[in-house]
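Everything below concerns the one structure shown next.
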Amino acid sequence: MDKIWLIVQREYLTRVRKKSFLIMSLLAPLLLAGTTIGIAKLSGSSDTEVVAVRDESGQQVLANLAGNDDVRFVPAAGNSLAEATAAFKKAKPKQQALLYFPPTFSLDNSKGIQLLADGNVSLKRQNNIRKAVNKTVGELKMKRSGLNQTVIENLSANVELDAVDLSQVGGRKNSVGATTGAAYLLSILVYMFIFIYGVQVMRGVSEEKSSRIMEVMLSSVKPFQLMMGKILGIAAVVFTQFALWIALSWGLTTVAAPLLADSMKKSPPAAAAAGVQEAAKARETATYDATTATAPEAPATDAGPLDFLDGLPIGSIIGGFLFFFLGGYLLYSSMFAAIGAAVDDQTDAQQFMFPVTIPLILSYIVSINVIINGDPNGPLAFWLSMIPFTSPIAMVMRLPFGVPLWQLLLSAVLLVGGFIFTTWVASRIYRVGVLMYGKKVNYRELSRWMFYKG
Amino acid sequence: MQPILQAIDVHKAYAAHTALNGVSLDIPERSIFGLLGPNGAGKTSLIRIITQITAADSGEIRVRGEKLNPRHIGQIGYLPEERGLYKKMRVGEQLLYLAQLRGLSKADATQRIKSWLDRLELKPWVSKNVEDLSKGMQQKVQFIATVLHEPSIIILDEPFSGFDPINANLIKDEILALRERGATIIFSTHRMESVEELCDNIALINRAHKVLDGSVRDIKNTFKTQTYEVEGRGRLMVTHPDFEVLEHKERENGHFYDRIKLHAGTTPNDLLRYLIGTVEVHAFREQIPSINDIFIRRVQETMPESLLEEARS
């Protein structure tokens, strides 16, 4: 046991002392923040869209077209479609599309409306515009049938949903944005880390093998100790990295919070002009706050930077994340270790990495479709979060939506069983592989190694 | 005296071939023992069993009469033929790590590392990464790692391969010094000249079988062929009932060189008496087979037998 401990120490210290570890630890939170802001900016260009409208129908559509938060309609310049098009092209950065109602258009024949723009118009935009036009045409029809404006307004419904999670104490309101965001973030972290550090395990083993130190080591320690020492040592590196990131993010947000409060009073662009780091952090929190703002419960007064986490089952998310990450890492990294041991150099590793990475990638992609875009508590989601090969990602993705305790426990037990199994298989392959040089291995060979004695 | 290491009827088979087939060895304490054999004979398999990297299928290894167990790891030092170091690790740390894995305390290890590095003139390199060292220096570090925990059994697999002559001599001296201090050294090699120079005892393994063992002197005596080398001047009779001339070389001014094999019942003195009567003798010595000759002879002799055996099984 104390030998494993020595090995863990070595693996840990040699990695933590590397410059690349320090750089990664410092840069990654900034990169992450940067990417988050970038994505938020890109998808958040859902600033109100300006659409020029050329109405030749004589149905007064333009006059009645009401914009909303997403679209604003302005009359197109010029006296013909051609002129309007030319004018739109000139005004392009300010106007995103040109909507054309042909002379043939009437309230009864609503065909032939054209949306002109450079390139394709995204489905979301099309939907926004269609909704607005639909509403206007509907209202015009109602008016024609003799209803007055007040009646129409009374008739139109404006429904909002407040989803309340009963499994939470007191039935807290949850915010879909925060839940989905957390689900994405946690699962991609698990996916990324299993992958990155699993490959590190593989590379470590194959470096040991190619530097020919294996036999020296194995005359002192058991192959299993050497393999587990490496896996656990690298796990310790990951957790150190997590801890650093959390501390760093916490520090940054704490520093950024007062600045943020100031910049919110002024205008958001002012924050952008402030120092790079603070600004980046402030904006990140700004996007978070925007999420909270949609949640009715968000207390506007003592708005701390992490308030967006309200309404999420934080305890089970953190506990579950750590457990399922560790479990998944142990499960996959032992297989990566076996690959590193089986091949002579890393280029040969590709063919064996395939069957290991496929379940990892698939469980991520399928989980997004099944859990986030589908039903987080449906049967498929349930099974994905039970199978040890997919559960580290699927279960972590389900966590923010709330998972019944018995499912968590069952999945945890299965995962433990799973990694004991893969570790056993891997150690069988490992102990033969590390001393095998100059032999091209295939799957049949590997399966034979599993039953070697001694 | 009880042998420090015994192998008793050790068998080991892999999927495709048998590596060891009933090998038994006794290795006396404080000796230098040569484990010889052609490539693929089973030497490394036997060593890996002794170092507990693998286990024997049947048979057992005893250290001072005690069955081999994990406690013996600290008493054995092993320098494998495939040897390496962690390239990105500092020399001092690397040695400390390997010594600790062998069960040495940190304080002890640190002190011994210091004195060894001093001895082998590696002190200035203690905090350099291994990859910055020359190959010869890396080999010295590997050697230190093998003996740092003061093992009573030191196993060296092809220790001189890749060493330059200066380092090879240095290591040779260290090996002899280690034996003086009470260690037993097992040499695995197919380079015979180092065997004759260093080994007290040898065992020859070929095709998974032990084909020969004993002290170097005894083995040489057994393999003597009653052949004598004679140099002198004059005319030697080519045929004689008591001996046979195997080789005859004429040299300038009536000088000659002959190899003469005695027939059974003839002593060297009989031959000498005859020679003195006929020629002027300049040199007379017994031709002693080199380990290399014995090795080749035994390997060739045992070949058909083991082939037959394989065919039978």
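The values are calculated or read from the model by the stated rules, or taken from the named source; none is laboratory data. Please read these numbers as outputs of a predicted model, since none were measured by experiment. Note that we place each Cβ from the backbone using ideal geometry, even for glycine, and neighbour counts take in every protein chain shown. With ligands, DNA and RNA removed, areas are computed over all heavy atoms of the protein, side chains included. Shrake-Rupley method; radii C 1.70, N 1.55, O 1.52, S 1.80 Å.
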Using the alpha-carbon atoms, what tilt in degrees (0 to 90, nearest 10) does helix B:106-119 show relative to the longest principal axis of chain B? 40
Using the Cα atoms of chain B to build a convex hull, what is its mean projected area in square nanometres? 21.7
Hey, any idea what the orientation-averaged projected area of the convex hull of the protein assembly as shown's Cα atoms comes to, in nm²? 54.8
Report the normalised scattering of segment A:46-153 as log10 I(q)/I(0) at q = 0.11, 0.19 Å⁻¹, calculated by the Debye formula with identical scatterers on the alpha carbons. -0.34, -0.97
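May I ask you to work out the translational diffusion coefficient for segment B:1-93 at 4 °C, viscosity 1.567 mPa s, via Stokes-Einstein with Rh from the Kirkwood sum over Cα pairs, reported in whole µm²/s? Don't skip to the end; give the middle numbers.
Details: Rh = 14.7 Å.
Diffusion coefficient, whole number: 88 µm²/s.
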For segment A:46-153, build the charge dipole from Cβ charges (+1 Lys, Arg; -1 Asp, Glu) around the Cα centre, then report which of A:Asn120, A:Pro102, A:Thr48 sits farthest towards its positive end. A:Asn120
May I ask what percent, to the nearest 5, of DSSP beta bridges between residues of segment A:46-153 are antiparallel? 25
With +1 assigned to the C-beta of every Lys and Arg and -1 to the C-beta of every Asp and Glu, and no other charges, what is the dipole magnitude of segment B:43-154 about the Cα centre in debye, to the nearest 20? 160
Between the helical axis of B:165-180 and the dominant principal axis of chain B, each derived from Cα atoms, what acute angle in degrees is found, rounded to the nearest 10? 80
As I understand it, the dipole of the protein assembly as shown uses +1 on the Cβ of Lys and Arg and -1 on the Cβ of Asp and Glu, about the Cα centre. Which of A:Ala66, A:Ser219, A:Asn148 lies farthest toward its positive end? A:Asn148
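If the only charges are +1 at each Lys and Arg Cβ and -1 at each Asp and Glu Cβ, what is the size of the charge dipole of segment A:46-153 around the Cα centre, to the nearest 20 debye? Working shown, then result.
Working: 15 positive and 11 negative charges, 29 e Å.
Magnitude of the dipole: close to 140 debye.
Across the residues of A:8-14, average count of Cβ atoms on other protein chains within 10 Å?
Working: counts 0, 2, 8, 0, 0, 3, 6.
Per-residue shielding by partner chains comes out at 3.
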About the Cα centre of chain B, how large is the charge dipole given +1 on each Lys and Arg Cβ and -1 on each Asp and Glu Cβ? Please answer in debye to the nearest 20. 1100
Inter-part gap, Cα centre of segment B:275-300 to Cα centre of segment A:380-454, in whole angstrom, is 67
Once you place label points 7 Å from the Cα toward the Cβ at B:Gln2 and B:Thr110, how far apart are they in nm? 3.7
Among B:Ile4, B:Gly265, A:Thr240, which residue has its Cα furthest toward the positive end of the charge dipole of the protein assembly as shown, with +1 on Lys/Arg Cβ and -1 on Asp/Glu Cβ? A:Thr240
As a test question: what accessible area, to the nearest 10 Å², does A:Trp5 have when a 1.4 Å probe is rolled over all protein chains in place? 150
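Structure shown: which of A:Lys89/A:Lys135; A:Lys222/B:Lys220; B:Lys114/B:Lys172; B:Lys106/B:Lys210; B:Lys210/B:Lys261 lie over 32 Å apart, alpha-carbon to alpha-carbon?
Details: A:Lys89/A:Lys135 27 Å; A:Lys222/B:Lys220 41 Å; B:Lys114/B:Lys172 21 Å; B:Lys106/B:Lys210 41 Å; B:Lys210/B:Lys261 30 Å.
Cα-Cα > 32 Å for A:Lys222/B:Lys220; B:Lys106/B:Lys210; rest within.
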Between segment B:6-54 and segment A:74-146, what's the alpha-carbon centroid distance in Å? 89
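All other residues with a Cβ under 9 Å from the Cβ of B:Ile260 taken together, and with Lys, Arg as +1 and Asp, Glu as -1, what is their net charge? Don't skip to the end; give the middle numbers.
Numbers: positive: B:Arg259, B:Lys261; negative: B:Glu229, B:Glu244, B:Glu247, B:Asp258.
Taking every Cβ under 9 Å from that of B:Ile260, the sum is -2.
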What angle do you read, to the nearest 10 degrees and between 0 and 90, between the alpha-carbon axis of helix B:91-101 and the longest principal axis of chain B? 90
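R0 = 30 Å: FRET efficiency of A:Ala91 with A:Lys143, Cβ-based, nearest 0.05? The partial results should precede the final answer.
Numbers: r = 31 Å, r/R0 = 1.04.
My answer for the efficiency is 0.45.
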